[in-house]
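Report on one structure; see the data block that follows.
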Amino acid sequence: MKGITPVITTVLLLLASVAAVGGAWVWYQRMQTSAQSGGQAGVEKITSTSSIQYTFVDRAYIDSGDLKIEFGNQGNDIVNITTVQAKKYDGSYADCTTTAFTIASNSLHTTTCSGAVGTAVGNVISIKTYFNNGAIKEFSATVES
């Protein structure tokens, strides 16, 4: 009976070892890539919502019968707002604008609420702001003259 020679056995063991190490390396690289892309997505989400915290209502006032709301951005990034709503006297919300606008870093933007918002100077109004990333932020402001 002939058996496997020690040289062939050694070569087969080395090939099996190389294949195992190569498979482990490929698995590790795929896991690392997956973890990095998942982490990057989380960082992008945090970055996109962090500028929202620097958005504020500078003032709300009545001009020619329309409610004007002045938004500010103290952040370093541009803020994109898609919709602004003001609470009406009956508790429902009226759309002030459905046209998206941006607020540059360290600047202000005024939007107009036309129609029956039903507020007067001295009233405190509630304002809902919708951002392009799906976030919603509510503000309160006293209407000035």
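The values are calculated or read from the model by the stated rules, or taken from the named source; none is laboratory data. None of the values given here were measured: they were computed from a predicted structure. Note: ideal-geometry Cβ built from the backbone for every residue, glycine included; neighbour counts use all protein chains shown.
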Scanning the stretch 101-124 for residues that are closer than 28 Å to residue 76 by Cα and among the hydrophobic types (A, V, I, L, M, F, W, C) gives 101, 103, 104, 108, 113
Turns out the strands (runs of 3 or more DSSP E) fully within the stretch 46-145 with at least 2 residues that are surrounded by 13 or more Cβ atoms within 10 Å (Cβ to Cβ) and at pLDDT below 85 are 93-97
For the stretch 1-27, pairs from a residue that is at positive phi to a residue that is surrounded by fewer than 10 Cβ atoms within 10 Å (Cβ to Cβ) and basic (Lys, Arg), with Cβ under 9 Å and 6 or more apart or across chains, are none
